[in-house]
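S.K.: The structure that follows is given in the form of structure tokens.
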Amino acid sequence: MTQIVSIHSFRGGTGKSNMTANLATTLALQGHRVGVVDTDIQSPGIHVILGLRDEDIDQSLNDYLWGQCSIEQAVYDVTPAAVEQAGGRILLSPSSLNASKIAKILREGYDVGNLNDGFLAFGDALQLDFLLIDTHPGINEETLLSIAISDALVMLMRPDRQDYLGTAVAVQVAKKLDVPKMFIAVNKVPSFFDFAEVRAKVESNYGVPVGALFPLADEVLTLASQGLLCIDQPQHPISVELRQLATALTSD
């Protein structure tokens, strides 16, 4: 059975797509078949991090949602060499960066039910171990339906006041949807913060375990969305935290 994991944040700019790409790769480095769906249709971009060029995208998630192709036809193998050597696979269904297609989605919308059907078909047809959903920030119908069918939810936040307040709302909603497994991941934590104190504060405030604390790192900025830290620097503190989060997701 495919384990569906939604990666969500209440606000944009948290580094969600970067974390999703690296988490997918971390799971695949453990030998898993991992699918990724970019449902941030208004501002897609995870395909850039996973090395898929715009010109190589023929059919996208947009085309599937409009009934112009099957979900399998909108999937691309983006497996890095290191993952292939480890026996894993990464398969991506990207959203389109084409301005007219984004405008059409905003103008006409789509049948949200098709999105969830696509998740299930993606997992079954390609025999995935995990399907990671890179959600659109905030609370909307698409996000709620995605979270509702998920086996696990990773809420990504930064350690600032707005994120603390917004994440509280998102966590309350997720709890009402009875997601079986939920973790908080705190991103861009300054080095001078007390990490143990941040963990204790987050877990106390939300009643949800912290799956990872990612330090603010210049190395991520240096990559500029053109590489995967978990492959380039496997001993980096962020890579170590990613493996801990992957372990939490794979444990019963």
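The values are calculated or read from the model by the stated rules, or taken from the named source; none is laboratory data. Worth saying up front: this structure is predicted, and the values here are computed from it rather than measured. FYI the Cβ positions are ideal-geometry reconstructions off the backbone, even for glycines, and counts take in every protein chain you see. Accessible surface is based on the protein model in full, side chains and every heavy atom, while ligands, DNA and RNA are left aside. Shrake-Rupley method; radii C 1.70, N 1.55, O 1.52, S 1.80 Å.
S.K.: Looking only at region 14-49, filter to residues that are out of contact with any Phe, Trp or Tyr (no Cβ under 9 Å at 6 or more places or on another chain) and more than 13 Å from residue 134 (Cα to Cα); which one of those is surrounded by the most Cβ atoms within 10 Å (Cβ to Cβ)?
M.R.: Restricting to residues being out of contact with any Phe, Trp or Tyr (no Cβ under 9 Å at 6 or more places or on another chain) and more than 13 Å from residue 134 (Cα to Cα), the top hit is 25.
S.K.: Of the conditions (1) modelled with pLDDT under 95; (2) closer than 20 Å to residue 27 by Cβ; (3) open to solvent by 70 Å² or more (accessible area, probe 1.4 Å), residue 85 clears all except one; give me its number.
M.R.: (1)
S.K.: Do we find that residue 212 is within 16 Å of the chain's Cα centre (by Cα), without any contact (Cβ under 8 Å) to a residue 40 or more places away in the chain and over 21 Å from residue 52 (Cβ atoms) in this structure?
M.R.: Numbers: within 16 Å of the chain's Cα centre (by Cα): yes; without any contact (Cβ under 8 Å) to a residue 40 or more places away in the chain: yes; over 21 Å from residue 52 (Cβ atoms): yes.
Considered against the rule, which asks whether it is within 16 Å of the chain's Cα centre (by Cα), without any contact (Cβ under 8 Å) to a residue 40 or more places away in the chain and over 21 Å from residue 52 (Cβ atoms), residue 212 comes out as yes.
S.K.: Output the residue which, of all residues in region 88-113 that are open to solvent by 50 Å² or more (accessible area, probe 1.4 Å) and not charged (D, E, K, R), is farthest from residue 52 (Cα to Cα).
M.R.: 106
S.K.: If a residue has to be of a type in the set (D, E, K, R), without any contact (Cβ under 8 Å) to a residue 60 or more places away in the chain and within 18 Å of residue 135 (Cβ to Cβ) to count, how many in region 157-191 make the cut? Break it down into steps so the answer makes sense when it comes.
M.R.: Narrowing region 157-191 to residues of a type in the set (D, E, K, R): 158, 160-161, 163, 175-176, 178, 181, 188.
Cutting the leftovers down to without any contact (Cβ under 8 Å) to a residue 60 or more places away in the chain gives us 160-161, 175-176, 178.
If we keep only those that are within 18 Å of residue 135 (Cβ to Cβ) too, we end up with 175-176, 178.
The qualifying residues number 3.
S.K.: Within region 136-147, is even one residue modelled with pLDDT of 90 or more, in a loop (DSSP other than H, G, I, E, B), under 20 Å from residue 39 (Cβ atoms) and within 16 Å of the chain's Cα centre (by Cα)? It would help to see each step written out before you state the result.
M.R.: Step one: list which residues in region 136-147 are modelled with pLDDT of 90 or more, which gives none.
No: region 136-147 contains no residue that is modelled with pLDDT of 90 or more, in a loop (DSSP other than H, G, I, E, B), under 20 Å from residue 39 (Cβ atoms) and within 16 Å of the chain's Cα centre (by Cα).
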